[in-house]
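Data first, discussion second: the structure below is written as structure tokens.
The values are calculated or read from the model by the stated rules, or taken from the named source; none is laboratory data. What you see is a predicted model, and the numbers here were worked out from it, not measured in a lab. Please note: Cβ atoms are built from the backbone with ideal geometry, for glycine as well, and neighbour counts cover all protein chains shown. We work out accessible area using only protein heavy atoms, side chains counted, and drop any ligands, DNA or RNA first. Shrake-Rupley method; radii C 1.70, N 1.55, O 1.52, S 1.80 Å.
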Amino acid sequence: MSEITVHRLDQRPDLIDRVYEVESSWPDFMGRDPVANALYWQIAGAFPQLCAVATDAEDTVVATARALQFALGAAGRGSLPDGGLDRVTIWAFSDKLAGRSGDTASAVEIMIGQAHRGAGLSHQMVAALRDAARSAGLTRLVAPVRPNAKHQYPRMPMAEYITMVRDDGLPADPWLRVHVRAGGRILRVAQASMVMVGSLAEWRAWTGLPFDQTGDVIVPEALVPVHCDVEQDHAVYVEPNVWVEHDLTRGPAS
Ligand SMILES: CC(C)(COP(=O)(O)OP(=O)(O)OC[C@H]1O[C@@H](n2cnc3c(N)ncnc32)[C@H](O)[C@@H]1OP(=O)(O)O)[C@@H](O)C(=O)NCCC(=O)NCCS
């Protein structure tokens, strides 16, 4: 593999518009969350000091890591929300509009290009988010983590899944393990972190599945079943994520 360099986007603003050069590998239904669709494309430009991009020797973008910041201490908030990623994304952009300064950084997405997976790059990208948040003067980076092997156990409640550990005590899930190795602490489940709703015709188009019976549908790569209602002609996927907290005042040095 060619030499990889990780850049913070406020130090390489020319890369802000290039974050989507890493090919996305999300299944179609994951691109149907209205909050994500309205706001994610603005994250790199709005919070460049908290985002990072990895390039190879030819300056090709091979990985991205995006984060934002929000005021957890603002009135009516106070604790990490059950609404996970969607909720903190809304908080972050409403704070920006209101001129409120953030006190907490939240990771949003890390995407490693297919050709560069399995080589340890994700550890570098998590470290880059931690370093960026610390440099921005924040003491806490949180992450509504999407455990990347949970889809293999779609009927298992997330609260049970996160208790699965290996003999060495680290999480069985690879992506949770990356966060814990980096110094993150698993807090709890964010039950409704993303929500995708559509008519049955839309769900058929998104998944290629029949969606012709009322009840739970197991959709490949979904973390939990999708709820299908034939009579009402709609289906809804409520994705649980896992709140992980990185205390930036201690833990592994960058
Ligand atoms: C999840 C993702 C970020 C991991 O990045 P990566 O660079 O491929 O992973 P790494 O090589 O750093 O390995 C991370 C851990 O996963 C494990 N792993 C890597 N590939 C694996 C595979 N195919 N199967 C099982 N475990 C695997 C590694 O062993 C490592 O665990 P360890 O540190 O205990 O050894 C990457 O696959 C990706 O971009 N996926 C799509 C987007 C996504 O899911 N992002 C995370 C949520 S936002």
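Taking the square root of 5 times each eigenvalue of the Cα gyration tensor, what semi-axes in Å does the equivalent ellipsoid of the range 8-67 have, largest first? Intermediate values should be presented prior to the final figure.
Working: eigenvalues 89, 45, 11 Å².
That gives 21, 15, 7 Å for the three semi-axes.
Which FRET efficiency value, to the nearest 0.05, is calculated for residue 205 and residue 227 with the Förster distance at 30 angstrom and r the Cβ-Cβ distance?
Numbers: r = 18 Å, r/R0 = 0.59.
That gives a FRET efficiency of 0.95.
When only DSSP loop residues count, what trypsin sites (Lys or Arg not before Pro) in the range 141-216 have their Cβ near at most 13 other Cβ atoms within 10 Å?
Working: sites: 150, 155, 166, 177, 181, 185, 188, 204; in loops: 155, 166.
Hits after loop and neighbour filter: 155, 166.
Please work out the Cα convex hull volume for the range 112-254 and give it in Å³ per residue.
Details: hull volume 19.2 nm³, N = 143.
In the range 112-254, the Cα convex hull volume per residue is 134 Å³.
Place the peptides 190-197, 167-174 in order of packing, highest mean first, counting for every residue the other Cβ atoms within 10 Å and averaging per peptide.
The densest-packed peptide leads the list: 190-197, 167-174.
Run the quick spin-label model on residue 5 and residue 75: label points 7 Å from Cα toward the beta carbon, then report their separation in nm to one decimal.
Modelled inter-label distance: 4.8 nm.
Under a no-solvent Debye model with one identical scatterer per Cα of the range 61-184, what's log10 I(q)/I(0) at q = 0.17 Å⁻¹?
-0.97
Take the eigenvalues of the Cα gyration tensor for the range 142-215, scale each by 5, and report the square roots as semi-axes in whole Å, largest first. Don't jump to the answer; show the numbers that get you there.
Details: eigenvalues 185, 36, 23 Å².
Semi-axes (√(5λ), whole Å): 30, 13, 11.
Just the number: Rg to Rh for the range 137-184, Cα atoms, Kirkwood Rh, two decimals. Walk me through the numbers before you get to the answer.
Numbers: Rg = 11.9 Å, Rh = 11.7 Å.
Rounded to two decimals, Rg/Rh equals 1.02.
Are there GluC sites (Glu not before Pro) in the range 200-254 that DSSP marks as loop and that have at most 11 other Cβ atoms within 10 Å, and which are they? Mind showing how you got there, number by number?
Values: sites: 202, 221, 231, 245; in loops: 221, 231.
Here the GluC sites (Glu not before Pro) that fit, given the DSSP loop and packing criteria, are 231.
How high is the relative contact order of the chain, given as a whole-number percent (alpha carbon pairs under 8 Å, six or more residues apart)?
Numbers: 507 pairs, mean separation 50.5, N = 254.
Taking the mean separation of contacting Cα pairs over the length of the chain, I get 20 percent.
Leaving out ligands and nucleic acids, and using a 1.4 Å probe, what accessible area per residue does the chain come to in Å²? Could the numbers behind the result be given before it?
Details: 11660 Å² over 254 residues.
Accessible area per residue: 46 Å².
Roughly speaking, what % of Cα-Cα pairs in the chain are separated by over 22 Å, rounded to a whole number? Numbers along the way, then the final one.
Details: 17999 of 32131 pairs.
Value for the chain (Cα pairs over 22 Å): 56 percent.
Round to the nearest 0.05 the FRET efficiency obtained for residue 98 and residue 185 when R0 = 25 Å and r is the Cβ-Cβ distance.
Working: r = 30 Å, r/R0 = 1.19.
Given R0 = 25 Å and the Cβ-Cβ separation, E is 0.25.
In the chain, what percent of the accessible surface is made up of carbon and sulfur (1.4 Å probe, ligands and nucleic acids excluded)? Mind showing how you got there, number by number?
Values: 5920 of 11660 Å².
Carbon and sulfur: 51 percent of the exposed surface of the chain.
How big is the range 112-171 on each of its three principal axes, counting only the C-alpha atoms and giving the largest first in Å?
Extents along the principal axes: 40, 31, 23 Å.
What is the Cα centroid distance between the range 83-139 and the range 3-65, reported in whole angstrom?
Cα centroid to Cα centroid, the span is 11 Å.
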